[in-house]
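Enquirer: Quick one: this structure, given as structure tokens, is what I'll be asking you about.
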Amino acid sequence: MAESLEAAGKGVTPRRRRDEARVDHQPGFVLHTTAWRETSLIVEAFTRDYGRMSLVARGAKRPTSQFRGLLSPFTPLAFSWSGRSEAKNLVRVEWVGGLAPLRGGALLSAFYANELIVRLLARADPHERLFESYLDMLHGLGDARLDVALRAFELDLLREVGYAVPLDRCTDGQPIDPAAEYVFRVEAGAHRVVAHERDEHGSRVSGTTLLSMARGDFEDASVASEAKAMLRHLIRYHLEGKPLNTRRILLDLHQL
């Protein structure tokens with residue numbers, strides 16, 4: 001699928017000015033759609049070279065529309081648009097590759113990732129590395145490796161929005177000890193726990209988990225479990241405590 005998306009954008013010179021009049025064959029995915037007027041849709045898309053974009057699909061709800069059946073999340077697409085305002089006019093959409101359909105918990109997890117992108121990324125801000133991470137996540141979800149896929153994506157997303165607190169060193173600059181216990185504070189990082197110490201302002205985590213996270217390795221079940229709690233704490237901070245709709249559903253159905 002990644003090769004298909006790359007081919008969709010091959011030979012196209014990325015143009016990143018917000019006032020660009022026309023962009024063709026831009027690889028991307030639909031994050032969600034919103035009804036607009038009687039027959040049209042507002043498409044929130046995540047694209048490789050332009051980041052999150054708002055696209056107006058005029059007449060998309062008409063039975064004869066060229067967009068009909070294409071504007072679904074998690075489908076690899078190539079978008080063409082025009083216009084100089086923030087909301088561009090969607091001109092053409094092409095299906096460019098295969099991806100196994102997501103079901104059950106994998107589908108809800110992918111919608112959760114989409115909501116994170118909408119809530120945390122500014123529009124028209126390129127995130128090429130995160131786009132690749134998103135592709136990897138969809139592959140992982142398709143292989144039923146939900147915890148591994150989501151944890152890696154959440155960490156990559158936090159880094160893309162500027163969260164750069166090191167995971168392999170303490171707040172005092174000392175290397176993380178895999179045998180030690182730490183409290184990870186959002187604005188400072190890892191603080192080694194001493195005997196009987198309590199901290200209500202951070203997430204408790206082992207040194208082994210911190211080092212695994214620094215490597216992007218979530219294969220171990222205990223690492224994935226600790227990393228989930230810590231990453232959700234960091235994400236809540238960046239969302240300023242505002243709840244996620246898909247997160248509530250996931251908690252209710254799967255305790256993911």
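The values are calculated or read from the model by the stated rules, or taken from the named source; none is laboratory data. Nothing here was measured: the structure is a model prediction, and the numbers come from that model. Counting neighbours? That spans all protein chains shown, and the Cβs are built from the backbone with ideal geometry, glycine included. Calculation scope for accessible area: heavy atoms of the full protein, side chains included, ligands and nucleic acids excluded. Shrake-Rupley method; radii C 1.70, N 1.55, O 1.52, S 1.80 Å.
Enquirer: Under 18 Å from residue 116 (Cβ atoms) and assigned to a loop (DSSP other than H, G, I, E, B) - does that describe any residue in region 54-73?
Expert: no
Enquirer: Taking residue 111 and the conditions (1) farther than 16 Å from residue 246 by Cα; (2) open to solvent by 60 Å² or more (accessible area, probe 1.4 Å), which numbered condition does it fall short on, given that it satisfies the others?
Expert: The failed condition is (1).
Enquirer: Might you check whether a residue that is open to solvent by 30 Å² or more (accessible area, probe 1.4 Å), in contact with a Ser or Thr (Cβ under 7 Å, 6 or more places away or on another chain), at pLDDT 95 or above and not small (Gly, Ala, Ser) occurs anywhere in region 149-163?
Expert: Looking for residues that are open to solvent by 30 Å² or more (accessible area, probe 1.4 Å), in contact with a Ser or Thr (Cβ under 7 Å, 6 or more places away or on another chain), at pLDDT 95 or above and not small (Gly, Ala, Ser), one finds at least one in region 149-163, hence yes.
Enquirer: Residues that are closer than 23 Å to residue 162 by Cα, in contact with a strand residue (DSSP E or B) (Cβ under 6 Å, 6 or more places away or on another chain) and either in a strand (DSSP E or B) or not aliphatic (A, V, I, L, M) (or both): does region 99-116 have at least one?
Expert: Within region 99-116 (the criterion being closer than 23 Å to residue 162 by Cα, in contact with a strand residue (DSSP E or B) (Cβ under 6 Å, 6 or more places away or on another chain) and either in a strand (DSSP E or B) or not aliphatic (A, V, I, L, M) (or both)), the answer is yes, since at least one residue qualifies.
Enquirer: Considering only region 126-245, give the strands (runs of 3 or more DSSP E) lying wholly within it that have at least 2 residues that are without any contact (Cβ under 8 Å) to a residue 60 or more places away in the chain and hydroxyl-bearing (Ser, Thr, Tyr).
Expert: Here the list reads 203-206.
Enquirer: For residue 89, only one of the following conditions fails: (1) at pLDDT 95 or above; (2) open to solvent by less than 50 Å² (accessible area, probe 1.4 Å). What is its number?
Expert: (2) is the only condition that residue 89 fails.
Enquirer: Kindly provide the set of residues from region 39-53 that are buried (at least 19 other Cβ atoms within 10 Å of the Cβ) and in a loop (DSSP other than H, G, I, E, B), ordered by number.
Expert: Across region 39-53, the qualifying residues are 48, 50.
Enquirer: List the pairs whose first member sits in region 18-33 and is more than 14 Å from residue 57 (Cα to Cα), whose second member is modelled with pLDDT under 95 and aliphatic (A, V, I, L, M), and whose Cβ atoms are under 6 Å apart, counting only residues at least 6 apart or on separate chains?
Expert: Every condition considered, the pairs that remain are 18/124; 25/8; 25/12; 27/5; 27/8.
Enquirer: If only one of 126, 101 is surrounded by fewer than 18 Cβ atoms within 10 Å (Cβ to Cβ) and at pLDDT 95 or above, which one is it?
Expert: Exactly one of 126, 101 is surrounded by fewer than 18 Cβ atoms within 10 Å (Cβ to Cβ) and at pLDDT 95 or above, namely 126.
Enquirer: For residue 144, are the conditions met, namely being closer than 19 Å to residue 235 by Cα and of a type outside the set (Val, Ile, Thr)?
Expert: It is false that residue 144 is closer than 19 Å to residue 235 by Cα and of a type outside the set (Val, Ile, Thr).
Enquirer: I'm checking my understanding of the structure. Among residues of region 71-86 that are open to solvent by less than 10 Å² (accessible area, probe 1.4 Å) and not polar (S, T, N, Q), which one is nearest to the chain's Cα centre (by Cα)?
Expert: Residue satisfying both the conditions and the ranking: 76.
Enquirer: Any residue in region 137-155 that is of a type outside the set (Val, Ile, Thr) and touching a strand residue (DSSP E or B) at 6+ places or on another chain (Cβ under 9 Å)?
Expert: Yes, some residue in region 137-155 is of a type outside the set (Val, Ile, Thr) and touching a strand residue (DSSP E or B) at 6+ places or on another chain (Cβ under 9 Å).
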